[in-house]
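> Before we start, here is the structure in question, set down as structure tokens.
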Amino acid sequence: MTYYITTILVYLGIDVLAIWGLNVQYGLCGVYNFGFILFQASGAYTAAILTLGPSSGNGGYQSYFFGASLPFPLPILVAGVVAAIIGVIFGLLTRRVGEDYLAVLTFVLAVVAILVVSAAVSFLNGPAGLSSVPQPLTSVLHVSLIAYSWLYVVFVALVCLLAYFSLRLLARAPLGRVMRAVRENEKAAASVGKNVGGLRIFALAYGGALAGISGALLVLFISTWSPGSWEYAETLTAFSAIIVGGTGNLYGAALGAFVVQILIFELPRFLPQVSAANLVGSLQWIVIGVLTLGFMWWRPQGLLPERKRSYDISWPVRQRTVRPIGTTPAGGVEMERE
Amino acid sequence: MSILISAVGFGLVTAAVTALAAVGFTLQVGISNVFNFSYGAVMITGTYIGYAVNSAGGGLAAACLAGAAAGAVLSALANRLLFVRFIGRGVNRFGMLIVCLQFAVIVQNLLQAIAGDTFFTYNLSAEPPIGFLKSVDFILDPTQVTIIILAVVVIAGLTLLLEMTRLGRAMRATAGNSSLARACGIRTARIIDITWLISGGLCGLAGVIFGYSVGAFQSSSGTDFLTVVFAATMLGGLGRPLGAALGALVIGIAMSVLAVYIQSDMTQVAALGILILIILFRPRGLFGSAVSTKELAT
């Protein structure tokens, strides 16, 4: 039972991290990335091959390229970097297309990636995927399974906390403000000299890094990763989480991750089997679909809407007025700034 | 050489399925400016309906009619009850993608809940390949030949409808500029409904012959196939039915011929590679586009 709780907590942390990544891209900067799951997948694969050790060293039951066994925090960091690089590539590729094609293009890129990984078996072990990825630090810690899973919960929570502060900083910084401007009106932002393409690349890379780290944390916990784990439907679920929770709101995104990914997807897995497992699976997807459409219809701002930042307009701002030439100064004029 | 010729033959079958689907898809983009990601799910619904008819002992014609009818009704209803309303609420085009995809997921999983999570295969009567085709190494059976002829006839008929009839003119006018069309006395709402019925019928029909031409299918096969339909549509230029049919011909034969040289599961990658290149470098398609990228972007 405890193991269930810790597993769910780890999943929650990982999902929240991934949804925050998507929130940077979509909620903050308005990048329509339908290949989002690719970032999580790349992070997971990176972390897996960097902990599994050389491909030839495991009796040859799974094959992949490169392969190393780096010490603990490195695979996760490299996973973030790899996902960020993919984000930059996405950004450069999509620099020349409009918003709608961006969605289609990223969708297609994710589909192509899954096809390539499945077909090229020697690349990342094909459809079977990578398995028995060692959990980090197990040989050093010497603790029971339960204690270890609690430690992992704490670790994931710390990473989430770190991500939270960095995201809050970003949202309040001028950079975050410009990103919101791009989201609200790309052309207006471009017309005042903002580098829209560059900001998109930054959003894709930054959000991608978060998603990549979440994928790395996931694969190090569950030990396996295969093409079945990152079908395009997963991207759709991530968007559902943002729409239900609240676009552009950190707490909202986290709440959405909890409602969609945990309440609807993970919890039923631990319930006793009532009937055919696949029926439950189908019902989950239908519930998510109806929930998302319902939210888009009745509450498009989500459970926790983005707080519109505004400057306090009730406070009178003393401004220097431009004096017409030849008049005497009449003192400061109290003006209300809009 | 003979292997190439038979590859072209099979490519024609793939092209026929893709062409029917792509023509319907491009009609929908043209008339409603909705990039309908649920198209694959509607298509596979047609496949399932056709399968039901097929298992009950119905022939190709009955299965096609049933599948087309199901596709037509489902598409028109989805447009009326879902897409039009969400657009009316001011949901932007990206939001519409999510609406379409969620609708696709709902349809797909309903199918899976009803029919079960297994692969299905149509019962094909084992007829020998047609004699005159055998002599030129075309190893197609009568069903496949019928599929190709059916696709050609349907697309030709649709082209005539669009170019020659009042209804077709009204459809093109509505696709071009719906408010102007309305001002000219065209009942655009009705024309849009009719277009969705026709395109949905094409979609359902494509689903049935998809079922006949592939070995096995399941509820998610439609959305997987949709990416190939995208490729054909984009190649031909969005909103251009004939362009989509030509694009399908290119993609179908290219995939089939490539399968001779490269790993067969990489052929779809090749089709999608073409799609990516088209989006990046020729977003208006090889033959230009009725709906320009600029119009789409706004």
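The numbers here are math on the coordinates, done by the rules we state, and not lab data. Because the structure is predicted, anything quoted here is derived from the model rather than measured. Ideal geometry is used to build each Cβ from the backbone, glycine not excepted, and the neighbour counts take in all protein chains shown.
> As an exercise, use a Förster radius of 56 Å and the Cβ-Cβ distance of residue B:152 and residue A:280 to find the FRET efficiency, rounded to the nearest 0.05.
That gives a FRET efficiency of 0.80.
> Taking only DSSP H segments of four or more residues, each worth -39500 (n - 2.57), what value at 222 nm results for chain A once the sum is divided by all its residues, to the nearest 500 deg cm²/dmol?
-20000 deg cm²/dmol
> Using +1 on the beta carbon of Lys and Arg, -1 on that of Asp and Glu, and nothing else charged, what's the dipole of segment A:2-230 about the Cα centre, debye to 20?
Dipole of segment A:2-230, to the nearest 20 debye: 620 debye.
> Do you know the relative contact order of segment A:2-230, to the nearest whole percent, from alpha carbon pairs under 8 angstrom that are 6+ apart? Show your work: numbers first, answer last.
Details: 359 pairs, mean separation 100.4, N = 229.
Here the relative contact order equals 44 percent.
> Among B:88, B:11, B:176, determine the one that fluctuates most according to a GNM of chain B built with springs between C-alpha atoms less than 10 Å apart.
Among B:88, B:11, B:176, the largest GNM mean-square fluctuation belongs to B:88.
> Next question. If the label point is 7 Å along Cα→Cβ of residue A:120, which residues in segment B:245-280 have backbone nitrogen under 16 Å from it?
B:262-274
> For a quick check, take a GNM of chain A with Cα springs below 10 Å and name the residue from A:238, A:257, A:68 with the largest mean-square fluctuation.
In the Gaussian network model the winner is A:68.
> How far is helix A:174-184 tilted off the main Cα axis of chain A, in degrees rounded to 10, range 0 to 90?
That works out to roughly 90 degrees.
> Could you tell me how far the Cα centroid of segment A:141-164 sits from the Cα centroid of segment B:234-277, in Å?
One Cα centre to the other: 48 Å.
> Continuing with this model, one more query. Between residue B:184 and residue A:187, what is the label-point separation in nm under the 7 Å Cα-to-beta-carbon projection?
2.6
> As I understand it, the value is the acute angle between the Cα axis of helix B:221-236 and the longest principal axis of the Cα atoms of chain B; what does it come to in degrees, rounded to 10?
Compared with the principal axis, the helix lies near 70 degrees.
> Within 10 Å, at most 16 other Cβ atoms, and a DSSP state outside H, G, I, E, B define an exposed site. Report the longest part of chain B free of exposed chymotrypsin sites (Phe, Trp or Tyr not before Pro).
Free of exposed loop sites, the longest segment is B:120-286.
> Taking the Cα centre of the protein assembly as shown as the origin and placing charges on Cβ (Lys, Arg +1; Asp, Glu -1), which of B:178, A:84, B:24 is farthest toward the positive end of the dipole?
Positive-end residue among those listed: B:178.
> What are the ³J(HN,Hα) values, in whole Hz, obtained from phi via the Karplus relation 6.51 cos²θ - 1.76 cosθ + 1.60 with θ = phi - 60°, for each residue of segment A:19-28 in sequence order, with x given for Gly and Pro?
With the stated coefficients, segment A:19-28 comes to 5, 4, x, 5, 5, 4, 6, 8, x, 8 Hz.
> Hey, another quick one. Given charges of +1 on the Cβ of Lys and Arg and -1 on the Cβ of Asp and Glu, with all other atoms neutral, how large is the dipole of the protein assembly as shown about its Cα centre, in debye to the nearest 20?
2220
> Relative to the longest principal axis of chain B, what angle (0 to 90°, nearest 10) does the C-alpha long axis of helix B:241-261 take?
Taking the Cα atoms of chain B, the angle to B:241-261 is about 30 degrees.
> Specify the inter-centroid distance of segment A:1-80 and segment B:37-86, based on alpha-carbon positions, in whole Å.
The two parts, judged by their Cα centres, are 39 Å apart.
> For chain B, set up a GNM with springs between Cα atoms under 10 Å and report which of B:57, B:185, B:46 has the largest fluctuation.
Taking springs between Cα atoms under 10 Å, the residue moving most is B:185.
> Is there a quick way to get the dipole size of chain B? I mean about its Cα centre, with the Cβ of Lys and Arg at +1 and of Asp and Glu at -1; what is the value in debye to the nearest 20? Mind showing how you got there, number by number?
Values: 15 positive and 9 negative charges, 274 e Å.
About 1320 debye.
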